[in-house]
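Report on the following structure.
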Amino acid sequence: MATPIRISVEHVTKRFASGAVTVFEALDLAVRDGETLCIVGPSGCGKTTLLRCMHGLAAIDDGRIVIDGTEVRAPSRKVAMVFQHFGLMPWKRVRENVAYGLELAGLPKATVQERVAHYIEMVGLRGFETSYPNQLSGGMQQRAGLARALAVEPDILLMDEPFGSLDALTREVLQDELLRIYQLAPRTMVFITHSIEEAIAMGDRILVLSARPARVRELFQVDIPRPRTVESVIAHPRFIPLRDHCWRLLRERAA
């Protein structure tokens, strides 16, 4: 049987500046159930804007975005987003930040406490529950942001360059952590990144966008089996051909 489609982007156009700037135009794509779709493209091509439209945080001008058969018009509890710059509330401790979405959903206190403890443990922050964000490293702050998104147990996870502001070592550690978490609890994920290597490590498929107004340049499969680690992906014989192919698509467009 064919894998069901969870997210359908249908002939979508987005404009800014009262229509003067077209970010993407007549864009079509589909995200399958349980897959990680990584999106790469030139700076300014609208990757983050597309993710915000999928979440219902930004309106589109033409076309429609459908999640599980329902057109997106506002944020849904079945969808969670992890931002590049953590998005933690500085006046709340780690435990309170992770609990925030659960409390908004009105879940029982015992359920909130159980999930918060579980996901703090999952992302490796046990012992830092009472720390404030400014007492954490960048990597630890991103772990807290990831725990907050996972705690609401979304069907779909939208990741907006979640490791883009981190140093190389911390980035690789968190890539491995996310791969491990995905293996424990697979879910549909859309992952925005500027790194071709990260896209190959994380993605089941990679979508390459053109420059603005963005269109689909190519969509291709990452034929490297799971479970994965960053090290195992880099060592795989398909890694170099996939990286070179993706790089050629981006470089040709830039030229």
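Observations, loosely collected:
- The residues listed here are 80, 99, 110, 74; of these, the one that is surrounded by fewer than 21 Cβ atoms within 10 Å (Cβ to Cβ), of a type outside the set (Lys, Arg) and either closer than 17 Å to residue 9 by Cα or in contact (Cβ under 8 Å) with a residue 40 or more places away in the chain (or both) is 74.
- Counting only residues that are not hydrophobic (A, V, I, L, M, F, W, C) and not in a loop (DSSP other than H, G, I, E, B), segment 184-203 holds 3 of them.
- Of everything listed in (1) under 27 Å from residue 233 (Cβ atoms); (2) without any contact (Cβ under 8 Å) to a residue 60 or more places away in the chain, the single unmet condition for residue 151 is (1).
- In this structure, residue 252 does not qualify as without any contact (Cβ under 8 Å) to a residue 40 or more places away in the chain, touching a strand residue (DSSP E or B) at 6+ places or on another chain (Cβ under 7 Å) and either of a type in the set (Val, Ile, Thr) or farther than 24 Å from residue 150 by Cα (or both).
- Looking only at segment 60-101, residues that are in contact with an Asp or Glu (Cβ under 9 Å, 6 or more places away or on another chain) and among the hydrophobic types (A, V, I, L, M, F, W, C) come to 11 in all.
- Any hit, segment 167-183, residues being buried (at least 17 other Cβ atoms within 10 Å of the Cβ), in a loop (DSSP other than H, G, I, E, B) and in contact with a helix residue (DSSP H, G or I) (Cβ under 9 Å, 6 or more places away or on another chain): no
- Restricting attention to segment 204-242 and to residues that are under 20 Å from the mean Cα position of the chain (by Cα) and assigned to a helix (DSSP H, G or I), the residue that is farthest from residue 48 (Cα to Cα) turns out to be 233.
- Within segment 118-172, the residues that satisfy the criterion of being modelled with pLDDT of 90 or more, under 22 Å from residue 43 (Cβ atoms) and either among the aromatic types (Phe, Trp, Tyr) or touching a Leu at 6+ places or on another chain (Cβ under 6 Å) (or both) are 158, 160.
- Qualifying residues in segment 115-159 (those that are among the β-branched types (Val, Ile, Thr) and more than 22 Å from residue 202 (Cβ to Cβ)) - the one farthest from the chain's Cα centre (by Cα): 130
- Flag for residue 190 being touching a helix residue (DSSP H, G or I) at 6+ places or on another chain (Cβ under 7 Å), of a type outside the set (Gly, Ala, Ser), free of Cβ contacts under 8 Å to residues at least 40 places away in the same chain and surrounded by 19 or more Cβ atoms within 10 Å (Cβ to Cβ): no
The values are calculated or read from the model by the stated rules, or taken from the named source; none is laboratory data. No experiment lies behind these values; they were computed from the predicted model shown. Counting neighbours? That spans all protein chains shown, and the Cβs are built from the backbone with ideal geometry, glycine included.
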